[in-house]
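Asker: The structure is given below, and queries will be raised subsequently.
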Amino acid sequence: MADRVTVIGWDGSPLTAAARSALGAATLVAGTAHHLALPEVPATAERIRLGSVALAARRIAGHRGSAVVLADGDPGFFGVVRTLRGPEFGLEVEVVPAVSSVATAFARAGMPWDDAHVVVAHARTLRRAVNVCRAHTKVAVLTSPGAGPAELGLLMDGVHRTFVICEELGTANEQVTILTSDKAADHTWRDPNVVIVIGGFVAAAEGGSWIAGPEPASGPRGWALPAKAYGGALGEGETDLLRAAQLARLGPRVGDLVWDIGSGSGAFATEAARTGAAVIAVDRNPGSCARTEDSARRFGVQMQIVHGAAPHILEDLPEPDVVRVGGGGVAVVSAVADRRPQCIVTHASTRDAAELIGRHLTEHGYQVECALIQSVELDTRVWTETERSVAFLLTGRLPDRADRAL
């Protein structure tokens, strides 16, 4: 094992005295091509071109002497330190940090970033990174080859955002480009790059932030809010307890894409968006679409609203993680099941209708649960019944996709 392992962050600035000292004593140096070209790298040191960090870590673990790993920005922020410290390598490291590429990108844009989400996009996480960009108004994306600005722009189809694309930060080839998301796919971008994605409806801020990242959900405390929170009467499938059960079954979270088909008042779509998930709300009624948009603005959440009739309108929508079907019956449920989301919830007013939907979900490979949910509202002034609602709640889960992180 190496006698000493130092990880040095590099942001284009002159190296610190601590970094120069570690490099001067190094018998092995790992880094990318522009790192290994630095004049401070000893001519006698063994050099490793950094592609796979895991492979480099194995070489370092077997090296006798002093090793240095050079990395862009702050190597402890979505960087190589996590891999090097992994239990499979057992490396204890000293870290000489630099300004992270995210901080540099926001500095170039002249924007604060304590209220931003930061995500990493590579082949396996690109779709989830895009969902975060759909759901939030300020996101920094650390990209990778094949999951860069062009791919982000293509997958953001239907959602308008502004991209601030920062290429090769800290080098002589540094370039910052600002354009709309629909134009990003028309260009070829150099790696490495950071993309700041901004836009969408922004609620009025009250003072400065008290927590890093976006503010927690604002508005009334609690979930499955009453009808008055959404401007009046709700539809048959939007009652408070049914909506609460639907949210609990789906469990939307940051990085998910939720479809709400038959959005009605927008109550479910709004509450799903308040969890941090990306939401596409679909309804064939223009009035319902307008009401959903009003609900989203009132609560300061982002969502894409699509006017059209399911199932045909669903064909061009991006792949969902979880889906609520608020209307359309068996035909819509079957069309949704064809897209293979992890979980589908819907409701039926009769047992026969519930059985029919359940059979179709089962035929598509879903494990089906059904519960009869009855709610009774009471006037607590006189303790008399004012309203009664009964519905069959159906939940379909794909066993092979249950609770996957990606």
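Asker: For region 119-175, enumerate the residues that are out of contact with any Gly (no Cβ under 8 Å at 6 or more places or on another chain) and at positive phi.
Answerer: Scanning region 119-175 gives 146, 158, 168.
Asker: Mind listing whichever residues of region 149-169 are touching a Cys at 6+ places or on another chain (Cβ under 8 Å) and either open to solvent by 40 Å² or more (accessible area, probe 1.4 Å) or basic (Lys, Arg) (or both)?
Answerer: 161, the sole residue that qualifies.
Asker: Say we look at region 1-54 and pick out the residues that are hydroxyl-bearing (Ser, Thr, Tyr) and within 18 Å of residue 66 (Cβ to Cβ); which of these is most open to solvent (accessible area, probe 1.4 Å)? Even if it seems obvious, please write down each step before you answer.
Answerer: At the first step, the residues of region 1-54 found to be hydroxyl-bearing (Ser, Thr, Tyr) are 6, 13, 16, 21, 27, 32, 44, 52.
With within 18 Å of residue 66 (Cβ to Cβ) added as a condition, the list becomes 6, 16, 21, 27, 44.
On the way: 6: 4, 16: 72, 21: 76, 27: 61, 44: 134 Å².
Filtering first and then ranking leaves 44.
Asker: Ok, one more. Scan region 266-279 for residues that are crowded, with 23+ Cβ neighbours inside 10 Å and free of Cβ contacts under 8 Å to residues at least 60 places away in the same chain and jot them down.
Answerer: Filtering region 266-279 down to residues crowded, with 23+ Cβ neighbours inside 10 Å leaves 266-273, 277-279.
Hits for region 266-279 are 266, 267, 268, 269, 270, 271, 272.
Asker: Among (1) in a loop (DSSP other than H, G, I, E, B); (2) β-branched (Val, Ile, Thr); (3) within 35 Å of the chain's Cα centre (by Cα), where does residue 41 come up short?
Answerer: (3)
Asker: Please go through region 170-205 and give me each residue that is hydroxyl-bearing (Ser, Thr, Tyr), within 26 Å of residue 279 (Cβ to Cβ) and open to solvent by less than 40 Å² (accessible area, probe 1.4 Å), ordered by number.
Answerer: 181
Asker: Six or more apart or on different chains, Cβ atoms under 9 Å: show the pairs whose first residue is in region 292-314 and in contact (Cβ under 8 Å) with a residue 24 or more places away in the chain and whose second is open to solvent by less than 40 Å² (accessible area, probe 1.4 Å) and among the aromatic types (Phe, Trp, Tyr).
Answerer: That search, which allows pairs on different chains as well, returns 294/230; 295/230; 298/230; 314/259.
Asker: Here's a follow-up. Looking only at region 127-148, count every residue that is crowded, with 22+ Cβ neighbours inside 10 Å, in contact with a Leu (Cβ under 9 Å, 6 or more places away or on another chain) and assigned to a helix (DSSP H, G or I) and tell me the total.
Answerer: Within region 127-148, residues that are crowded, with 22+ Cβ neighbours inside 10 Å, in contact with a Leu (Cβ under 9 Å, 6 or more places away or on another chain) and assigned to a helix (DSSP H, G or I) number 6.
Asker: Any idea how many residues of region 362-399 are under 30 Å from residue 338 (Cα atoms), open to solvent by 90 Å² or more (accessible area, probe 1.4 Å) and either out of contact with any strand residue (DSSP E or B) (no Cβ under 8 Å at 6 or more places or on another chain) or among the basic types (Lys, Arg) (or both)?
Answerer: The first filter runs over region 362-399 and keeps only residues under 30 Å from residue 338 (Cα atoms), leaving 362-373, 390-399.
Among the residues that remain, those that are also open to solvent by 90 Å² or more (accessible area, probe 1.4 Å) are: 363, 367, 369, 372.
Narrowing the set further to residues that are either out of contact with any strand residue (DSSP E or B) (no Cβ under 8 Å at 6 or more places or on another chain) or among the basic types (Lys, Arg) (or both) leaves 363.
Residues in region 362-399 being under 30 Å from residue 338 (Cα atoms), open to solvent by 90 Å² or more (accessible area, probe 1.4 Å) and either out of contact with any strand residue (DSSP E or B) (no Cβ under 8 Å at 6 or more places or on another chain) or among the basic types (Lys, Arg) (or both): 1 in total.
Asker: Next question, about the same structure. Could you check, for region 240-254, whether at least one of its residues is within 29 Å of residue 371 (Cβ to Cβ), of a type in the set (Asp, Glu) and buried (at least 23 other Cβ atoms within 10 Å of the Cβ)?
Answerer: Our first condition is that a residue be within 29 Å of residue 371 (Cβ to Cβ); within region 240-254, this holds for 240-254.
Okay, now just the ones that are also of a type in the set (Asp, Glu), so 240.
Subsequent filtering for residues that are buried (at least 23 other Cβ atoms within 10 Å of the Cβ) retains none.
No, the conditions are met nowhere in region 240-254.
Asker: If you don't mind, another one. Among the residues of region 72-89, how many are open to solvent by less than 10 Å² (accessible area, probe 1.4 Å) and among the hydrophobic types (A, V, I, L, M, F, W, C)?
Answerer: Result for region 72-89: 1.
Asker: Please specify each residue of region 285-312 satisfying the condition of being closer than 16 Å to residue 324 by Cβ and open to solvent by 30 Å² or more (accessible area, probe 1.4 Å).
Answerer: Across region 285-312, the qualifying residues are 303, 304, 305, 310, 311.
Asker: List pairs: first residue in region 341-352 and closer than 12 Å to residue 245 by Cα and open to solvent by less than 30 Å² (accessible area, probe 1.4 Å), second residue among the basic types (Lys, Arg) and at pLDDT 95 or above anywhere in the structure, Cβ distance under 6 angstrom, at least six positions apart or on different chains.
Answerer: 345/249; 345/324
The values are calculated or read from the model by the stated rules, or taken from the named source; none is laboratory data. Predicted, not measured: the structure shown is a model, and the values here were computed from it. We place every Cβ from the backbone using ideal geometry, glycine too, and count neighbours over all the protein chains shown. Side chains are part of the model used for accessible areas, which takes the heavy atoms of the whole protein and leaves out ligands, DNA and RNA. Shrake-Rupley method; radii C 1.70, N 1.55, O 1.52, S 1.80 Å.
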